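Data first, discussion second: the structure below is written as structure tokens.
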Amino acid sequence: MIITIRAFSHRSRIFLIASLLACLCSPAQANRKDVVVMSNGDQLTGQVKRLQNGLLYVETDYVSGNIGLDWNQVQSVQSTATYRIVLNNGQRLEGKIEKQSGDQTKTGDFLIREATEELQVPSVTIVSIDTKKPTFWRELQGAIDFGYSFTSGNSQSALNADTSAAYQTPRWRVATSLDSTFSGRSGASNTNREDLQASFTKFLNRNSFVVALSDFLHSSQQDLQLRTTLGGGYGRYLKRTTNSNLAWLGGIVFTNESFNTTAGQPSDQNSEAVAGLQYNYVRFNFGEFDSQVRIFPGLTDTGRVRLTTNNSLTIKLRNNFHLAFTLWDNFDSRPPTTARKNELGTSSGIGWTF
């Protein structure tokens with residue numbers, strides 16, 4: 001695989017290696033004896049890890065990997081660990097937890113013990129729970145996906161490699177992702193695309209947040225050597241539940257573009273507005289759907305509009321493995337005259353979540 005931007009490719013390889021090391025550098029932790037009781041009377045003893053996307057993850061000594069339990073069917077939880085808790089009104093807390101038997105919708109059946117006070121809330125208002133871990137590497141969450149296809153009729157091959165990682169505290173979150181695709185056919189030119197994204201989110205009161213964005217995109221189909229996008233904005237969650245969330249974002253970004261051609265290309269540097277929506281939905285014991293749409297109307301390059309979207313469906317397999325299906329699209333209303341306005345792509349493969 002030949003990438004035209006050597007420095008960009010070097011950073012991409014470093015990012016992939018760092019993501020792999022993050023999965024391998026987790027130190028051992030003393031076993032706790034947390035107790036979880038289900039609504040049918042089943043009882044599990046182990047370590048309560050987190051509540052994410054409607055699943056309460058528990059690690060036991062007799063099962064390989066974590067067990068994902070339907071939060072709606074959990075009757076009670078007892079744990080001695082300290083957790084970070086997010087409520088559906090955006091409130092973020094840190095303390096010990098206890099879920100008590102009772103009516104989830106009418107009583108405060110979930111108890112949070114902070115350093116100086118206790119708070120009782122209905123368990124249906126809990127969006128997420130995460131263990132406060134002792135090291136940076138154990139706090140990381142993400143996924144690594146790979147896919148490959150080959151057609152003998154025209155000797156066409158396609159390779160995609162995607163990786164993502166995130167680190168979150170009660171007050172802020174840092175996330176980064178790298179998507180790489182390569183396709184080639186015998187007797188024809190090869191195409192490749194690399195997209196490196198990073199964001200820093202600062203949580204404000206309740207469901208509001210401010211975010212700093214960066215994006216580095218290379219696309220041979222659109223004659224794009226490198227587009228660097230830097231900016232930020234303000235956003236707010238429109239809906240937050242244990243299984244789904246919907247948020248909007250608005251702001252301003254600045255771009256610097258370098259194309260492989262000089263024929264009728266846009267300006268090298270531009271200011272753009274940005275408006276977008278992001279949606280996430282998880283179905284118990286099946287998988288997860290993520291969708292992001294952003295539109296960039298030109299401010300200095302008036303009349304030019306860009307639109308990007310990334311949509312992914314992951315289907316759960318055993319031991320944190322999953323199947324991944326992705327649809328992405330980049331639209332530019334005013335590209336160089338020799339380049340395409342639209343670049344649509346799909347990919348599939350198998351991945352591992354850490």
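Read-outs throughout are calculated quantities, based only on the coordinates presented, and are distinct from any laboratory measurement. Predicted model, so just to flag it, every value in this text is computed and none were measured. Quick reminder, even Gly has a Cβ in these numbers, built from the backbone with ideal geometry, and neighbours come from all protein chains shown.
At a 10 Å Cβ-Cβ cut-off, how would you order Val63, Val305, Val77, fewest neighbours first?
Val63, Val305, Val77
Within 10 Å of each residue's Cβ, count the other Cβ atoms and sort Asp34, Asp145 from fewest upward. Intermediate results must be reported in sequence, preceding the final value.
Working: Asp34 20, Asp145 24.
Listing Asp34, Asp145 from fewest to most nearby Cβ atoms yields Asp34, Asp145.
What whole number of Å gives the distance from the Cα centroid of the range 44-98 to the Cα centroid of the range 277-347?
31 Å
Which shape class, rounded, prolate or oblate, goes with the range 137-353 when its Cα gyration tensor gives a ≥ b ≥ c as root eigenvalues, a/c under 1.5 marks rounded, and past that a/b bigger than b/c marks prolate? The partial results should precede the final answer.
Numbers: a/c = 2.13, a/b = 1.10, b/c = 1.93.
Taking the square roots of the gyration eigenvalues as a ≥ b ≥ c, the range 137-353 is oblate.
Counting Lys and Arg as +1 and Asp and Glu as -1, each charge on the Cβ, what is the dipole of the range 214-301 about the Cα centre in debye, to the nearest 20? Intermediate values should be presented prior to the final figure.
Numbers: 6 positive and 8 negative charges, 117 e Å.
Using only the charged Cβ atoms, the result is roughly 560 debye.
What order do you get for Glu194, Glu94, Glu343 when you list them from fewest to most C-beta neighbours inside 10 Å?
Details: Glu194 23, Glu94 15, Glu343 20.
So the residues, fewest neighbours to most, are Glu94, Glu343, Glu194.
Once the dipole of the range 34-132 is set up with Lys and Arg at +1 and Asp and Glu at -1 on Cβ about the Cα centre, which of Gln52, Asn72, Met38 lies farthest towards its positive end?
Checked the options; the winner is Gln52.
Pop out the ³J(HN,Hα) list for the range 203-210 in order, Karplus 6.51 cos²θ - 1.76 cosθ + 1.60 with θ = phi - 60°, rounded to Hz; leave Gly and Pro as x.
These are the phi-based 3J(HN,Hα) values: 7, 9, 5, 6, 9, 9, 7, 10 Hz.
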